[in-house]
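The values are calculated or read from the model by the stated rules, or taken from the named source; none is laboratory data. Keep in mind it's a predicted model, so treat the numbers as computed, not measured. Cβ sites come from the backbone with ideal geometry, for glycine too, and all protein chains shown count toward neighbours. Note: accessible area is taken over every heavy atom of the protein model, side chains too, but ligands, DNA and RNA are not part of it. Shrake-Rupley method; radii C 1.70, N 1.55, O 1.52, S 1.80 Å.
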Amino acid sequence: MKLIFNKMKLFLKPFGINPSIFVKSLIRFPSYFYDYFRLKKSGKLNIADFPFGNFFPCIHDKYEESGQAYGHYFHQDIFVANSIFKNKPTNHYDVGSRIDGFVAHVASFRKILVIDIRKLENTSENIEYVQADLMSTIPINLIESTDSLSCLHTIEHFGLGRYGDPIKWDGHLLGFENLLRILKPDGKLYFSTPIGPQRIEFNAHRVFSLSYLIESLFKNKVKIINFSYVDDKGKLNINVDLNDINIKNNCYCQYGCGIFELLKL
């Protein structure tokens with residue numbers, strides 16, 4: 001029953017429907033109106049000073065924690081930004097990572113060039129932007145132009161059309177080749193992607209097995225300097241040994257996030 005419910009949630013999500021949120025809202029809305037009338041009653045003598053405007057229900061926040069200090073993006077963004085801070089590269093470029101997460105972290109202490117297939121209208125002082133499709137021919141001025149490059153939670157989308165990119169079965173292969181073209185020899189690539197039993201969950205993302213990444217994507221192209229991962233519970237596991245057991249079982253992840261520090265060969 002739970003499996004069916006979760007599949008239904010995924011199917012209804014593009015239509016803006018989340019059954020679990022809908023049920024919670026029905027349960028929590030009476031508390032919202034109760035608080036509204038309590039506030040109105042307590043301020044009845046001064047309501048002219050602070051009149052009520054439009055209703056703006058926020059009915060879930062009181063039941064949640066103060067924030068989400070877990071999960072793929074939270075951990076990878078801080079972890080990789082901290083690595084770049086420590087390594088102090090001459091330049092740092094990024095392909096497709098989260099602007100209001102990782103890119104913002106890096107831009108707080110250094111300049112960063114962002115490359116993405118979609119437009120970016122607004123940037124900050126430390127963020128430069130280039131629009132490019134990493135599955136196509138990249139601008140010649142980008143070839144071997146940086147000693148440090150990141151691509152976090154991005155390669156799994158290439159070729160699936162989710163972000164307006166062309167539909168290409170081998171989009172991840174084309175994208176990875178172009179990442180390496182952008183890097184100088186001996187340059188570092190900070191790379192993350194979902195890990196687990198290999199599959200496509202169309203059109204959200206691919207999930208890669210560790211054996212595929214190591215034997216097909218990385219082999220003879222890059223050296224793995226460090227491997228860390230976020231497990232299915234959202235916990236960060238740092239500097240993990242890529243032994244045969246971990247590779248075979250994808251570190252026991254169904255949908256984890258592998259975080260690699262790679263050196264271009």
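Overview of results
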quantity: Cβ pairs under 8 Å, 6+ apart, first in the stretch 159-184 and open to solvent by 60 Å² or more (accessible area, probe 1.4 Å), second of a type in the set (D, E); calculated: R181/E144; K184/E144; K184/D147
quantity: Residue pairs meeting the criteria (Cβ under 9 Å; at least 6 apart or on separate chains; first on the phi > 0 side of the Ramachandran plot, in the stretch 223-247; second hydrophobic (A, V, I, L, M, F, W, C) and open to solvent by less than 60 Å² (accessible area, probe 1.4 Å)); calculated: N239/F227
quantity: Residues of the stretch 185-213 classified as under 27 Å from I143 (Cα atoms), more than 21 Å from the chain's Cα centre (by Cα) and either open to solvent by less than 70 Å² (accessible area, probe 1.4 Å) or among the aliphatic types (A, V, I, L, M) (or both), total; calculated: 1
quantity: All positions within the stretch 141-163 that are within 22 Å of L265 (Cβ to Cβ), over 17 Å from the mean Cα position of the chain (by Cα) and not in a strand (DSSP E or B); calculated: L142, I143, E144, S145
quantity: Unique residue being crowded, with 17+ Cβ neighbours inside 10 Å, modelled with pLDDT of 95 or more and polar (S, T, N, Q) when the list is S136, S83; calculated: S83
quantity: Flag if Y255 is surrounded by fewer than 21 Cβ atoms within 10 Å (Cβ to Cβ), touching a residue at least 40 places away in the same chain (Cβ under 8 Å), closer than 27 Å to S136 by Cβ and of a type in the set (S, T, Y); calculated: no
quantity: Residue match in the stretch 193-202 (condition: assigned to a strand (DSSP E or B) and among the basic types (K, R)); calculated: yes
quantity: Hey, Y70 open to solvent by 80 Å² or more (accessible area, probe 1.4 Å), touching a residue at least 60 places away in the same chain (Cβ under 8 Å) and over 17 Å from L189 (Cα atoms) or not; calculated: yes
quantity: For C58: the one exception among (1) at pLDDT 80 or above; (2) exposed (fewer than 10 other Cβ atoms within 10 Å of the Cβ); (3) part of a helix (DSSP H, G or I); calculated: (3)
quantity: Sole exception among (1) out of contact with any Cys (no Cβ under 8 Å at 6 or more places or on another chain); (2) touching a residue at least 24 places away in the same chain (Cβ under 8 Å) for G196, by number; calculated: (1)
quantity: Whichever residue in the stretch 223-252 is part of a loop (DSSP other than H, G, I, E, B) and β-branched (V, I, T) and, among such residues, is least open to solvent (accessible area, probe 1.4 Å); calculated: V240
quantity: Conditions (1) of a type in the set (D, E, K, R); (2) farther than 18 Å from G96 by Cβ; (3) buried (at least 21 other Cβ atoms within 10 Å of the Cβ): number failed by E156; calculated: (2)
